[in-house]
1. For the range 28-48 and the range 81-143, what is the separation of their C-alpha centers, rounded to whole Å?
2. Using Cα-Cα distances under 8 Å and only pairs 6 or more residues apart, what relative contact order does the range 14-146 have, in percent?
3. Apply the Karplus curve 6.51 cos²θ - 1.76 cosθ + 1.60, θ = phi - 60°, to the phi angles in the range 25-30 and return the couplings in whole Hz, x for Gly and Pro.
4. Cα to Cα, under 17 Å, and not fewer than 8 places away if on the same chain: which aspartates and glutamates meet these conditions relative to residue 34?
5. If I model a spin label as a point 7 Å beyond the Cα along the Cα-Cβ vector, how far apart are those points for residue 121 and residue 97 in nm?
6. Can you check how the C-alpha radius of gyration of the range 3-143 compares to 2.2 N^0.38 Å, as a plain ratio?
7. log10 I(q)/I(0), Debye, Cα-only the range 79-146, no solvent, q = 0.13, 0.29 Å⁻¹?
8. Length gain on complete extension for the stretch residue 128 to residue 38, per 0.36 nm per residue less the alpha carbon to alpha carbon distance?
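Any read-out appearing in this document is the output of simple, stated calculations on the displayed coordinates, not a laboratory observation. None of the values given here were measured: they were computed from a predicted structure. Here Cβ is always computed from backbone atoms with ideal geometry, including for glycine, and neighbour counts include all displayed protein chains.
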Amino acid sequence: MKNGLKLALMTIALLLPFVTGCSSFHRDWRKAAKTEPVEIEGRWEGTWTSDASGHTDKVRCLLTPISENTYEARFHAKYRKILSFGYTATFTGQHTNDVFYFSGDADLGRLAGGIYTYEGRVSPRNFFSTYNSKYDHGTFEMGRPD
């Protein structure tokens, strides 16, 4: 097998889990648009910014309650405006007044930087989080989509 074809097949194999996850994210994103958000759950969109490189791009999140103090955060982010990827993190925290203060982590795999840790806050209209990994750190800033 030629090296070019072998490299293309390996790239497709590595990206396939991200592509299939993105299609279910888009389906769930459209479905969530039909329901009114309750408290902090539902759709969020905005930007992520790397403090390490200065790069910034779009990010979306679907926030779903698992229990009173735990949420599943499904992210779909862009990188360099052409590549996109999705992943899921679990956020655990406490509600104080109308704000949920959380922390959590997600393993994005070795190629994507390994384990990312998160810390932030979500109110009914604003979502702010910092993230840290071995190779990168930065912020997510999101609001409710129009």
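1. 16 Å
2. Values: 290 pairs, mean separation 28.7, N = 133.
Once divided by the residue count of the range 14-146, the mean separation gives 22 percent.
3. Couplings: 4, 4, 4, 5, 4, 5 Hz.
4. 45, 146
5. 0.8 nm
6. Details: Rg = 15.7 Å, N = 141, 2.2 N^0.38 = 14.4 Å.
Taking the Cα Rg and dividing by 2.2 N^0.38 Å, one obtains 1.09.
7. -0.42, -1.33
8. Numbers: separation 90, 0.36 × 90 = 32.40 nm, distance 1.79 nm.
Fully extending the segment from residue 128 to residue 38 adds 30.6 nm.
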